[in-house]
Ligand SMILES: Cc1cc2nc3c(=O)[nH]c(=O)nc-3n(C[C@H](O)[C@H](O)[C@H](O)COP(=O)(O)OP(=O)(O)OC[C@H]3O[C@@H](n4cnc5c(N)ncnc54)[C@H](O)[C@@H]3O)c2cc1C
């Protein structure tokens, strides 16, 4: 390796940090990636589960769904040698309820896929179908753009959506997409998501369910690439070697016009600061605020960024995994549940994770013939005050009542992500990723530019876009400086 090459520090090994590091390394800039935990992937990572029978299987820290419109994420996986057609099961958008609701998009292009969905819908009345059609027409007429942002509840009311339809369709869709209760969700971001799915080409609205665990998607492939090891495809190995330091938390950083000094280690055992040509801070916003705070003491422009980063509130996601003797026999791998907290039905969506693996790809089958179900409870709610084992028991009862599963699963595990995503509130202030020093940039799912029509909720796609943009900005700065030297 050419040691004179400028090196970049990437702080945070979630999908944003990994996307940034891959982009930088591809352009010939080696990185040192600092990750505080022992695992890459951040909020989209692999979690091992030792089953009652002694087998160990790989789970995700939470069920993730991608959509066809996640262009940058899918492009990144392809660059790393992973074919999305193998890694995901792709199906046309559908909403199949355990209670008989059935909305299925066809494979035609917009608006026909949506029209077919409305015409063939089951479980909703003719008035409700008209209401969906009129909502979509109205959104298209205003080019999916509101003059003033407001809550999704306010939008649905002012656009005359009947309450039962809100309960059956709009609220579950909004909570799934924005992970924020409808009363506090941004109508503009909801419209952006609808525009890029229901309002776009049919393939954009396709649902992509991972066949492998989240670790096998970006974290493993990016790591192989960054460390210069051959990937799934022979061309997916970096020509420069980057370093990945797990269990290494960045405690402090200091930036000046020529570069960035980074001190990592434990609070009581700080190593010597290391010098880099530039740095990407790809941590959640609260940690970005902490790392930028020393600069804010001297510079009011940093104070604005720190205040914006500190302004985010967060929403939880609970995932309950249930293991059964046999795989479920459902009409779809993803079922919309009839969430009704007043009767202890807290589950919102159920996913059949038993047969994730396509035999043709030769990838492992963790559930090994048994039935593995993931039940998701997004956003804050009445379940917050219930103890883990009681919540598991309630979810198992709900799965028996609604989805015909045996009342006693063989094994169960609950994963609570208290700060799963930022709360996607109306008119939320978000930093654009730049700082007063061109050598220091922010990346993450919370970063967004001033154009609200591009704002997305906390998603893998937003994280990857943020990471790649941050890398592009640094490539320009560091590249310009190297050329001038
Ligand atoms: C349960 C759950 C379900 C979800 N479902 C979906 C879904 O279906 N579809 C979808 O698109 N998105 C989903 N998301 C959201 C998605 O996972 C996130 O938007 C995305 O992973 C955020 O990536 P990130 O890189 O911006 O941040 P993070 O993943 O939070 O990465 C930040 C990393 O920085 C590290 N770090 C923090 N401080 C330091 C420090 N000082 N030094 C070094 N490292 C540090 C952290 O350990 C972490 O690994 C879900 C999230 C959760 C939790």
Can you tell me which residues in the range 244-278 are touching a helix residue (DSSP H, G or I) at 6+ places or on another chain (Cβ under 6 Å) and in a loop (DSSP other than H, G, I, E, B)?
277
For the range 312-330, indicate whether the set of residues that are under 30 Å from residue 6 (Cβ atoms), surrounded by fewer than 18 Cβ atoms within 10 Å (Cβ to Cβ) and modelled with pLDDT of 95 or more is non-empty.
no
Name the residue that is nearest to residue 11 (Cα to Cα), counting only residues in the range 430-458 that are away from the ligand (no atom under 16 Å from the Cβ) and buried (at least 21 other Cβ atoms within 10 Å of the Cβ).
439
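Can you find a residue in the range 265-275 that is without any contact (Cβ under 8 Å) to a residue 60 or more places away in the chain, assigned by TED's automatic domain parsing to the domain that holds residue 462, within 29 Å of the chain's Cα centre (by Cα) and over 22 Å from residue 476 (Cα atoms)? Give the derivation first.
Within the range 265-275, the subset without any contact (Cβ under 8 Å) to a residue 60 or more places away in the chain is 265-273, 275.
Keeping just the survivors that are assigned by TED's automatic domain parsing to the domain that holds residue 462 gives 265-273, 275.
So of that shortlist, the ones also within 29 Å of the chain's Cα centre (by Cα) come out as 265-266.
Narrowing further to those that are over 22 Å from residue 476 (Cα atoms): 265-266.
Yes: the range 265-275 contains one or more residues that are without any contact (Cβ under 8 Å) to a residue 60 or more places away in the chain, assigned by TED's automatic domain parsing to the domain that holds residue 462, within 29 Å of the chain's Cα centre (by Cα) and over 22 Å from residue 476 (Cα atoms).
Pick out the one residue from 25, 16, 36 that is crowded, with 22+ Cβ neighbours inside 10 Å, assigned by TED's automatic domain parsing to the domain that holds residue 478 and within 16 Å of the ligand (Cβ to nearest atom). Full working, then the answer.
Details: 25 fails: within 16 Å of the ligand (Cβ to nearest atom); 36 fails: crowded, with 22+ Cβ neighbours inside 10 Å.
Only one candidate qualifies: 16.
On the basis of being modelled with pLDDT under 95 and within 12 Å of the ligand (Cβ to nearest atom), does residue 209 make the cut? Step through it out loud before you land on a result.
Values: modelled with pLDDT under 95: yes; within 12 Å of the ligand (Cβ to nearest atom): yes.
Yes, satisfied.
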How do the pairs read when you match residues in the range 439-453 that are under 12 Å from residue 471 (Cα atoms) with residues anywhere that are assigned to a loop (DSSP other than H, G, I, E, B) and modelled with pLDDT under 95, using Cβ under 8 Å and keeping only pairs 6 or more apart or on different chains?
439/257; 439/258
Residue identified as out of contact with any strand residue (DSSP E or B) (no Cβ under 6 Å at 6 or more places or on another chain), surrounded by fewer than 18 Cβ atoms within 10 Å (Cβ to Cβ) and outside the structural domain of residue 223 (by TED's automatic domain parsing) among 74, 115, 51
115
Just name the residue that is surrounded by the most Cβ atoms within 10 Å (Cβ to Cβ) out of those in the range 368-389 that are within 16 Å of the ligand (Cβ to nearest atom) and in a loop (DSSP other than H, G, I, E, B).
379
Take the residues in the range 390-429 that are part of a helix (DSSP H, G or I) and free of Cβ contacts under 8 Å to residues at least 40 places away in the same chain; name whichever of them is surrounded by the most Cβ atoms within 10 Å (Cβ to Cβ).
393
Please work out if residue 397 is within 14 Å of the ligand (Cβ to nearest atom), out of contact with any helix residue (DSSP H, G or I) (no Cβ under 7 Å at 6 or more places or on another chain), more than 25 Å from residue 293 (Cα to Cα) and not assigned by TED's automatic domain parsing to the domain that holds residue 285.
no
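Would you mind stating whether residue 81 is modelled with pLDDT of 90 or more and either farther than 26 Å from residue 351 by Cβ or in a helix (DSSP H, G or I) (or both)?
Numbers: modelled with pLDDT of 90 or more: yes; either farther than 26 Å from residue 351 by Cβ or in a helix (DSSP H, G or I) (or both): yes.
The answer is yes for residue 81.
The values are calculated or read from the model by the stated rules, or taken from the named source; none is laboratory data. Since the model is a prediction, treat every value here as computed from it, not as a measurement. Here Cβ is always computed from backbone atoms with ideal geometry, including for glycine, and neighbour counts include all displayed protein chains.
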